[in-house]
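Below you'll find the structure, written out as structure tokens, and then a few comments.
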Amino acid sequence: MWFVFALLSAIFAALTSILAKVGIEGVNSNLATAIRTVVVVIMAWGMVFLTNAQGGISAIGKKSWVFLILSGLATGASWLCYYRALQLGEASKVVPIDKLSVVITLILAFVFLHEEFTAKSFLGCALIGVGTLVMVL
């Protein structure tokens with residue numbers, strides 16, 4: 001089931017890029033990011049209440065709070081940079097560079113989470129890196 005959700009995530013991320021590129025025209029990138037963020041917050045809290053998950057807030061430990069907040073800050077920084085890049089550049093060039101996050105994530109997962117980094121992982125990272133260069137040059 002994780003694969004279905006991952007595939008849907010990729011489809012929605014692709015739609016996000018195209019919709020954002022059209023929507024950001026003539027709009028300050030920081031303002032556009034803020035508007036998008038409000039929509040995401042409303043949608044996320046809607047899902048929390050729809051699934052009756054709000055009771056779990058009190059069970060969240062201190063470590064989880066710290067890392068969820070840090071993750072939120074990283075997401076915010078990513079979105080601000082992404083929208084600015086989309087405003088300044090072509091979506092067909094910005095998006096592949098943004099997807100280098102896959103390579104960076106694999107490296108960080110190996111270093112900090114001690115996840116396995118196999119020859120297959122290395123080859124995939126190299127191909128993504130080379131593919132990105134080919135697409136943006």
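Throughout, read-outs are computed from the coordinates displayed, never taken from laboratory work. Everything numeric in this text was worked out from a predicted model, so none of it was measured. Glycine gets a Cβ as well: all are built from the backbone with ideal geometry, and neighbour counts include every protein chain shown.
Lys63 - would you say it is among the basic types (Lys, Arg), in a helix (DSSP H, G or I) and farther than 30 Å from Val130 by Cβ? Against the criterion (among the basic types (Lys, Arg), in a helix (DSSP H, G or I) and farther than 30 Å from Val130 by Cβ), Lys63 qualifies. Filtering segment 117-137 to residues that are under 21 Å from Asp98 (Cβ atoms) and either polar (S, T, N, Q) or in contact with a Cys (Cβ under 6 Å, 6 or more places away or on another chain) (or both) leaves Ser121, Thr132. Give the residues of segment 15-51 that are in contact (Cβ under 8 Å) with a residue 40 or more places away in the chain and either in contact with a Gly (Cβ under 8 Å, 6 or more places away or on another chain) or in a helix (DSSP H, G or I) (or both), sorted by residue number. If the condition is that a residue be in contact (Cβ under 8 Å) with a residue 40 or more places away in the chain and either in contact with a Gly (Cβ under 8 Å, 6 or more places away or on another chain) or in a helix (DSSP H, G or I) (or both), then Ser17, Ile18, Ala20, Lys21, Ser29, Asn30, Ala32, Thr33, Arg36, Thr37 are the ones that fit.
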